[in-house]
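Participant: Supplied in C-alpha cells, the structure appears directly below.
The values are calculated or read from the model by the stated rules, or taken from the named source; none is laboratory data. Nothing here was measured: the structure is a model prediction, and the numbers come from that model. Cβ atoms come from the backbone with ideal geometry, glycine included; neighbour counts cover every protein chain shown. Note: accessible area is taken over every heavy atom of the protein model, side chains too, but ligands, DNA and RNA are not part of it. Shrake-Rupley method; radii C 1.70, N 1.55, O 1.52, S 1.80 Å.
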Amino acid sequence: MSLDDLYREVILDHFEHPRNRGKLEPHDVYEHGSNPLCGDKLDLYLNFDQQGKIKDVKFEGSGCSISQSSISMLTEAIQGKSYDEIKKIITNFKEMMLENKPNPFTEDEDLEELASLEGVKKYPVRVKCALLGWTTLDEAIDKKFIKK
Ligand code: ZN
C-alpha cells in the first residue's frame, strides 16, 4: 500500500466513523463555522479543566469528507492540550496546507494522522474544507482566553 493510499484510508475512516461527535451540554465555549464554497458546516463545543486544558471536545457537522474527517482528527489532536499547545498545532496545520515546508506531523506519534491531509493541497479548492475545523477552533479558543 502506498503512503497516498494509507492516507486516503485514514481520511475515509474518520469520515465514516467520526470521533467525538455530538453536543456538549453544558459547555464553556461554542463556535459555529462554515465554508460556503463547499457547504461544509461545523458546530464545535469545548470544555476546559482548571488548568485551562481541553477536557472535552465534541462536534456536529455536515459536508464533504475532507472537512468532516479533518474536524474528527482535530478533536483527537487537541485532547488535554493547553491554549499554547493548540495554537502551535493550528499554526503547523495551516503551514502544512498553505506553504511548502516539510510536513510537521509525520514525525509526531500523537499527531501523525494530521499528516494525511497534506495531499489535499493538490486540490486548492478543497484546502478551505480541510481548514474549516482549525479556523473555527482558533476563534473558539481565542473567545475563551483572549478577553474581547
Ligand atoms: Zn468541503
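Participant: Just to confirm a number: summing +1 for Lys and Arg and -1 for Asp and Glu over residues other than Leu3 whose beta-carbon lies under 12 angstrom from that of Leu3, what do you get?
Facilitator: Details: positive: Arg8; negative: Asp4, Asp5, Glu9, Glu112, Glu118.
Neighbourhood net charge equals -4.
Participant: Sticking with this structure for a sec: Quote the Stokes-Einstein diffusion coefficient, in whole µm² s⁻¹, for segment 12-75, based on the Kirkwood radius over alpha carbon pairs, a temperature of 37 °C and a viscosity of 0.692 mPa s. Numbers along the way, then the final one.
Facilitator: On the way: Rh = 12.1 Å.
The calculation lands on 272 µm²/s.
Participant: While we're looking at this one, here's another question. Please compute the net charge surrounding Leu12, taking Lys and Arg as +1 and Asp and Glu as -1 over other residues with Cβ under 14 Å from its Cβ.
Facilitator: That works out to -4.
Participant: Using every alpha carbon pair in the chain, what percent of pairs falls into each 10 Å bin from 0 up to the bin containing the largest distance?
Facilitator: Spelled out per bin, shortest first, that is 12, 45, 35, 8, 0.
Participant: Summarise the accessible area of the chain (1.4 Å probe, protein heavy atoms) by the percent that is carbon and sulfur. Kindly include the intermediate steps, with their values, before the conclusion.
Facilitator: On the way: 3970 of 8080 Å².
Roughly 49 percent, rounded to a whole number.
Participant: While we're on this one: Could you check which residue among Gly61, Gly39, Gly80 shows the biggest mean-square fluctuation in a GNM of the chain with a 10 Å Cα cutoff?
Facilitator: Judging by the Gaussian network model, the answer is Gly39.
Participant: Before rounding to the nearest 500, sum -39500 (n - 2.57) across all DSSP H runs of length at least 4 in the chain and divide by the residue total; then give [θ] at 222 nm in deg cm²/dmol.
Facilitator: -14000 deg cm²/dmol, from helical runs alone.
Participant: Run the reach check for Lys143 against aspartates and glutamates, Cα to Cα strictly under 12 Å, same-chain hits fewer than 8 apart removed. What comes back?
Facilitator: Partners within reach: Asp28, Glu31.
Participant: Continuing with this model, one more query. Cut-off 10 angstrom, C-alpha nodes, Gaussian network model of the chain. Which of Gln79, Gln50, Gln68 fluctuates the most?
Facilitator: In the Gaussian network model the winner is Gln50.
Participant: Follow-up question, since we're still on this one. So, for the chain, what is the accessible surface per residue at a probe of 1.4 Å, expressed in square angstrom? List each step's numbers first, then the result.
Facilitator: Numbers: 8080 Å² over 148 residues.
Value returned for the chain: 55 Å² of accessible area per residue.
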